[in-house]
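Worksheet for the structure shown next.
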Amino acid sequence: MLAIENLAAAYGQSQVLADVTLTVGAGEVVTLLGRNGMGKTSTVRAIMGLLPGLGGRILSGRIAFAGTDLLGLPPHRVAQQGLGLVPEGRQVFPTLTVEENLTATAANRGGGPARWTLPAIYHLFPRLAERRRNLGARLSGGEQQMLAIGRALMTNPKLLILDEATEGLAPLIRAEIWAVLARLRREGQAILLIDKNLAAVLRLADRHVVVEKGRVVWTGSSAALAAEPALRDKYLHV
């Protein structure tokens with residue numbers, strides 16, 4: 001589905017991506033791992049067409065989704081191809097209610113009958129149903145993250161991208177979100193995931209891509225990553 005080849009990008013004179021190559025297949029869960037500042041969020045922004053609006057630019061490489069070249073497309077056109085983003089920092093609409101947040105960008109980009117509707121999201125996250133009339137700004141951080149995931153799912157994406165899926169959340173909320181992601185995986189949802197909880201991503205993901213200073217330095221399965229403590233110490237631990 002998603003294919004990135006030799007991607008390089010910069011903000012002004014500062015190069016942030018030098019050589020990123022990764023793929024995500026249908027129904028696959030792939031993580032993008034690395035310490036802070038190594039290029040993970042910049043890779044997501046490049047995929048979603050967000051770099052130009054943030055003063056960045058693609059230097060070279062290729063990004064394609066389901067055979068469509070994404071480079072040069074504005075963010076709304078990228079999303080229309082079937083990509084749903086849960087951005088770092090959640091970015092819910094603070095002055096809209098939970099229900100308005102969910103319906104504001106709702107679409108059926110996956111083709112066929114819409115899988116994700118309001119009732120389906122409320123079943124997935126009962127807490128959102130309880131707070132459906134609350135403004136986004138009145139939600140806790142965990143509730144906002146549930147809302148951001150629900151909002152992305154309401155576009156019925158072929159690929160769900162989560163940037164820092166559980167960062168800064170309470171343990172019970174983190175556990176609930178990991179359970180939701182595990183369910184989505186079982187149901188065949190393709191996911192590209194960034195998160196620092198190595199134990200959780202090793203249980204969840206099919207493959208992992210490790211980046212260091214804007215370059216992919218390792219790719220492999222959960223079993224292979226678990227078997228390489230030296231690699232984890234070198235590239236993932238602070």
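The values are calculated or read from the model by the stated rules, or taken from the named source; none is laboratory data. Computed from a prediction, not measured in an experiment: that's the story for all the values here. In this analysis, Cβ positions are derived from the backbone assuming ideal geometry, glycine residues included, and neighbour counts consider all displayed protein chains.
Select, from A8, A46, A26, the only residue that is assigned to a strand (DSSP E or B) and assigned by TED's automatic domain parsing to the domain that holds V209. Break it down into steps so the answer makes sense when it comes.
Numbers: A46 fails: assigned to a strand (DSSP E or B); A26 fails: assigned to a strand (DSSP E or B).
Just a single option satisfies the conditions, and that option is A8.
When the criteria are applied in full, A137 fails the requirement of being outside the structural domain of L2 (by TED's automatic domain parsing) and part of a loop (DSSP other than H, G, I, E, B).
Taking the criterion of being surrounded by fewer than 20 Cβ atoms within 10 Å (Cβ to Cβ), in a loop (DSSP other than H, G, I, E, B) and on the phi < 0 side of the Ramachandran plot, the residues of the stretch 180-218 that qualify are E187, K196, N197, D206. Would you be able to say whether some residue in the stretch 94-104 is in contact with a His (Cβ under 6 Å, 6 or more places away or on another chain), at pLDDT 95 or above and not aromatic (F, W, Y)? No, the stretch 94-104 contains no residue that is in contact with a His (Cβ under 6 Å, 6 or more places away or on another chain), at pLDDT 95 or above and not aromatic (F, W, Y). When E176, E167 are checked against the criterion of being under 28 Å from H237 (Cβ atoms), charged (D, E, K, R) and not in a helix (DSSP H, G or I), E167 stands alone in meeting it.
When you check A152 against the structure, is it in a helix (DSSP H, G or I), in the same structural domain as A9 (by TED's automatic domain parsing) and either under 30 Å from A18 (Cβ atoms) or among the hydroxyl-bearing types (S, T, Y) (or both), yes or no? Write out each step before concluding.
Numbers: in a helix (DSSP H, G or I): yes; in the same structural domain as A9 (by TED's automatic domain parsing): no; either under 30 Å from A18 (Cβ atoms) or among the hydroxyl-bearing types (S, T, Y) (or both): yes.
Answer is no for this residue.
Residues to consider are F93, F125; find the one that is surrounded by 15 or more Cβ atoms within 10 Å (Cβ to Cβ), within 21 Å of R45 (Cα to Cα) and among the aromatic types (F, W, Y). It would help to see each step written out before you state the result.
On the way: F125 fails: within 21 Å of R45 (Cα to Cα).
Answer to the check: F93.
Cβ-Cβ distances below 9 Å connect the following pairs, each with a first residue in the stretch 168-190 that is of a type in the set (S, T, N, Q), a second residue that is part of a helix (DSSP H, G or I) and surrounded by fewer than 17 Cβ atoms within 10 Å (Cβ to Cβ), and a separation of six or more residues or different chains: Q189/R183. If I filter the stretch 11-23 down to residues being assigned to a strand (DSSP E or B) and of a type outside the set (A, V, I, L, M), which single residue comes out as farthest from N36 (Cα to Cα)? Taking the candidates together, the pick is T23.
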